[in-house]
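Contents: one structure, followed by commentary.
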Amino acid sequence: MTDKNQYIVTTADGQTIDLTKAKALKGNNLYPFGPHNFAIYQTPDYQFVKATNRGEREIMLNYYELIPENEALDYKHPYVREDEVVDMN
């Protein structure tokens, strides 16, 4: 039986990472889900995980990878939803 109070993921290279007590540093969780969704997590032992959506409409995040701290802190997500773009002119 799976413990639904835990957030354990597998990275693209097969590592298992526990994000249960990780701090979300930044992200976008807007629905409907798609490539604009992402999160950057810092685990209690200072691992940094980038979570993204690879086109899945039913699951917000479905791809995880470990990244260096400097990349995590400076991360700029390349995708935005069209309704997020506001013309200020």
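Segment Glu58..Gln15, full-extension length gain: 13.1 nm, with 0.36 nm per residue of separation and the alpha-carbon distance subtracted. Extension gain, Asn28-Leu73: 0.36 nm per intervening residue step, less the Cα-Cα distance, totals 14.7 nm.
Along the axis of the charge dipole computed for the stretch 8-77 (Cβ charges of +1 for Lys and Arg, -1 for Asp and Glu, origin at the Cα centre), the listed residues Ile59, Asn70, Gln15 are led at the positive end by Ile59. Between Lys4 and Arg81, the FRET efficiency estimated from the beta carbon spacing at R0 = 25 angstrom works out to 0.30.
So for Lys76, Lys21, fewest C-beta neighbours within 10 Å to most, what's the order?
Ranking Lys76, Lys21 by Cβ neighbours within 10 Å, fewest first, gives Lys76, Lys21.
Over the residues of the chain, the helix contribution to mean residue ellipticity at 222 nm works out to -1500 deg cm²/dmol, using -39500 (n - 2.57) for each DSSP H run of at least 4.
Each value in this text was obtained by applying a stated rule to the coordinates, not by laboratory testing. Predicted, not measured: the structure shown is a model, and the values here were computed from it. Cβ coordinates were reconstructed from backbone atoms using ideal geometry, including for glycine residues, and neighbour counts include every protein chain displayed.
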